[in-house]
1. Just need a number here: residues in segment B:1-47 that are open to solvent by 50 Å² or more (accessible area, probe 1.4 Å), at pLDDT below 85 and under 30 Å from B:V418 (Cα atoms).
2. Open to solvent by 60 Å² or more (accessible area, probe 1.4 Å), closer than 30 Å to B:D214 by Cβ, outside any helix (DSSP H, G or I) and touching a residue at least 40 places away in the same chain (Cβ under 8 Å): is that true of B:D162 in this structure?
3. Of the conditions (1) under 23 Å from A:I246 (Cα atoms); (2) in contact with a Leu (Cβ under 8 Å, 6 or more places away or on another chain); (3) of a type in the set (V, I, T), A:V141 satisfies every one except a single condition; which number is it?
4. Might you let me know whether segment B:320-329 holds any residue that is touching a Ser or Thr at 6+ places or on another chain (Cβ under 9 Å), part of a helix (DSSP H, G or I) and open to solvent by 10 Å² or more (accessible area, probe 1.4 Å)?
5. Residues that are β-branched (V, I, T) and open to solvent by less than 10 Å² (accessible area, probe 1.4 Å): which strands (runs of 3 or more DSSP E) entirely in segment B:170-229 hold 2 or more of them?
6. From B:L290, B:L337, grab the single residue that is within 14 Å of chain A (Cβ to nearest Cβ), touching a Leu at 6+ places or on another chain (Cβ under 8 Å) and on the phi < 0 side of the Ramachandran plot.
7. Give the residues of segment B:346-392 that are touching a Leu at 6+ places or on another chain (Cβ under 8 Å), over 18 Å from B:F335 (Cα atoms) and in contact (Cβ under 8 Å) with a residue 40 or more places away in the chain, sorted by residue number.
8. Against the definition (touching a Pro at 6+ places or on another chain (Cβ under 8 Å) and in contact (Cβ under 8 Å) with a residue 24 or more places away in the chain), how does B:D413 come out, yes or no?
Amino acid sequence: MTNYGESRNHPFLSYRDCESRMTALALNRKTLRALLPLLSLVIVLVATFYAQPRTMSYFGLNLMLQYAVPIALATIAQMFIITVNDLDLSIGPFVGLVGCIGATYLNDTPLLGIVALALCIAAYAAMAALIHLRNLPSIVVTLGASFVWLGIAVLILPSPGGKAPDWLKAIMSLQVPVVPFPIVAALAIAALVHVGLMTSSYGVIMRGTGGNPRAMARAGWSELRTKMAMYALAGLFGVLSGLSLIGLTTSADAHIADRYTLYAIAGVILGGGEFVGGRVSPFGAVIGALTLALAGSFLIFMRISPDWQIGAQGAILIIVLALRALINTGEARR
Amino acid sequence: MPKVAVELTRITKSFGAVRALGGVDLMLAEGECLGLVGHNGAGKSTLMHVLAGTLRPDSGSLAIAGEDVSAHFSAATASAHGIRCVFQELSLCPNLTLVENARITHRALKGFGWKARARKLIAAKLDEIFPNHGIDVDAEAGDLNIGQRQMAEIARAFTVTDEPLRVVILDEPTSSLDAVTAKQLLTFMRREVAKGVSTILISHLLGDVLDHCDRIAVMKDGKVVAERAARDFTRNSLVAAMGAAAETKSVRQIRSRAAKISTEIAVAATPETAGRTASLTVNKGEIVGLAGLAGHGQTRMLIQIFEGARKPGGATKVAGEAAFIAGDRQSDGIFNLWSIGENTTVSSLKTLRRGPLIAADREAEMARDWKERIGIRTPDMNDNILTLSGGNQQKALFARALGSKADIVLMDDPMRGVDVSTKLEVYDMIRKEAEAGRSFVWYTTEIDELSHCDRAYIFRNGAIVAELGPDELTEDKVLHASFAESA
């Protein structure tokens, strides 16, 4: 027989399209998945209102959600990193470091403060270069970096204190009519990032790098540059997170945001993002951050001791992820 | 003499000790379709990667339209010079829509309204090449099936924005297309060629290459060994030029084995993937092939048998233990970080124990033993598995399955990307093991391989639609059974 591997690539010898019925179903699941973050937020919100009806007011929401802004910003920072298939374990201490710089240099000698913050962002970009060029796992590099950030922060501000610049405090205590400021700010952040990452032509390149880095390289895009840009953006949002945080607390501490690392990861995932594959959602991430911030208040209203809170938040995360897995099951296998 | 579109001169490329390209000269004229054929591993894909700028050659030069570009050649410069490539492994980003995927290859698609422009561009090209394609350009690439993805990628390669379109490389472009769309593509390709675009068509379908190319270059062992006008080739002369190993395994030889197969039944199963289907039985010591169009339920069947062996008492009856040999080595087969020895012994650890611990000396002994028996080409079984070539990695997987105590060996198209000599060695080994009483269930996409089976079941849409005995295992019969009704 002189059949030369014909069988393998015979035009007939391929798939049969029999999934049109499945597509409708998959779309349904997709909408369901997209709505899941919103649904969890509503559930936590309703539960909170039920536990403490007085929170159902402009003032109550404002108070409960005030820390949502820095968390949302840190979550967006984490999302940028996750977009390119990496994970940032240093965002919490980094936000703490920014807080320390903000409460000292930025207040005393603004120019020096701005330079220091710009250096922080540059350090993030450099971290991306290190990760990419040396082919190191991002988890290891960022975990190492987290101790560096913490160390510098302790050097700058050995004990809690400092003073946030007045303009920061002014921004963070802004009053907006009807809808509380944190909600407006969070939505504005989400919308801005959505336009940049989800609809702009450069956002496509960023997400594509998470989806199929090889294809991007073949199309002539530099993965190094994309990663550095994404890390620099993460640094920028980390800086914004730190500044908004001390705008609320008015003073700083090196450990002020240690929990943010996990909040940020949880927020991205709660919001429908995936650890790999460049599938992220800015609105989802911000909603995830709001959910986590609210969950904290809810647990306090339920008189659950702070010691148990992290565990309880973990439970919420597991429940939502389990629901997502449930939605995913049965989705057409390919 | 038409103008030269691309000229490659003495291109060499080695991967470690493996010489993939040994000084290739190739010229492509404007408005010409060049067919590129050759065995697996002849260097076709490597050469195309060099041309597309995604691999740097070790030496040699590359000129596009008379301009020597070898100094700073990259994917970006290739694209700027109008070279497009549809790679064999597709390069769409699964998380992006087709519109967004179009943006990736076109730097000009930016600024306000880029999405609308990109949508128009890709939709128009899809309509032009594949009328009635029914693909939603706003769907994420990951949600499309493989044929649709291939169509989208082909259409993308032919779209034009600010960069010229000079050469399109199509590497096995029809591998996931059905007959109708494949025909549409080849017709479209000829239209583009008539307009002055040059194309390189790499295909295992010799008929396509003979019918649609102007000139054919044959590659073998990293070199172009024959290059003539397509009309000067015939199917047979092409095969001869490729130096295809003369595999004339006689069916009769196998048939003589039939008498030795025991009547004891090793596997009895009915595919769960279809409502109306025949059942499958495998006798002890028998080699049973699963064939039909790729992806029509054969792998599901193997997994079903494998699971049946673990859960006695189910609908799938399996007498004894089963071992699975994956065809997709990278994702289902090897442990990347382990040594060759560890990869080989992992299925047999139960028998290599001393008390609760693994006996390292016995493990090493088994690894050594299999290195000899199956001929894994390595100086040391403690080297990492990735130091082996693909064929030898596959041998390690065979050793893993054959070395275990499994009575039934399930093979999921295990010869993908394996060189001919390895294949022949493994075929021999399978036959010997079968004679020793082991049963094999062998899914293969290569009809030739069915001649090593005692019987074969043909799958279509998840159902078993035919059973072929030893003297029926011919290409005609298999294709006929695979296509009845649907073709």
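1. 8
2. Considered against the rule, which asks whether it is open to solvent by 60 Å² or more (accessible area, probe 1.4 Å), closer than 30 Å to B:D214 by Cβ, outside any helix (DSSP H, G or I) and touching a residue at least 40 places away in the same chain (Cβ under 8 Å), B:D162 comes out as yes.
3. (1)
4. No, segment B:320-329 has no match at all.
5. On the way: elements: B:198-202, B:215-220, B:223-229.
Strands (runs of 3 or more DSSP E) meeting the threshold: B:198-202, B:215-220.
6. On the way: B:L337 fails: touching a Leu at 6+ places or on another chain (Cβ under 8 Å).
After ruling out the rest, the residue left standing is B:L290.
7. B:I374
8. Numbers: touching a Pro at 6+ places or on another chain (Cβ under 8 Å): no; in contact (Cβ under 8 Å) with a residue 24 or more places away in the chain: yes.
Here the answer is no, as B:D413 does not meet what is asked.
The values are calculated or read from the model by the stated rules, or taken from the named source; none is laboratory data. Computed from a predicted model, the values in this text were never measured in an experiment. Every residue, glycine among them, receives a Cβ derived from its backbone with ideal geometry; neighbour counts consider all protein chains shown. Calculation scope for accessible area: heavy atoms of the full protein, side chains included, ligands and nucleic acids excluded. Shrake-Rupley method; radii C 1.70, N 1.55, O 1.52, S 1.80 Å.
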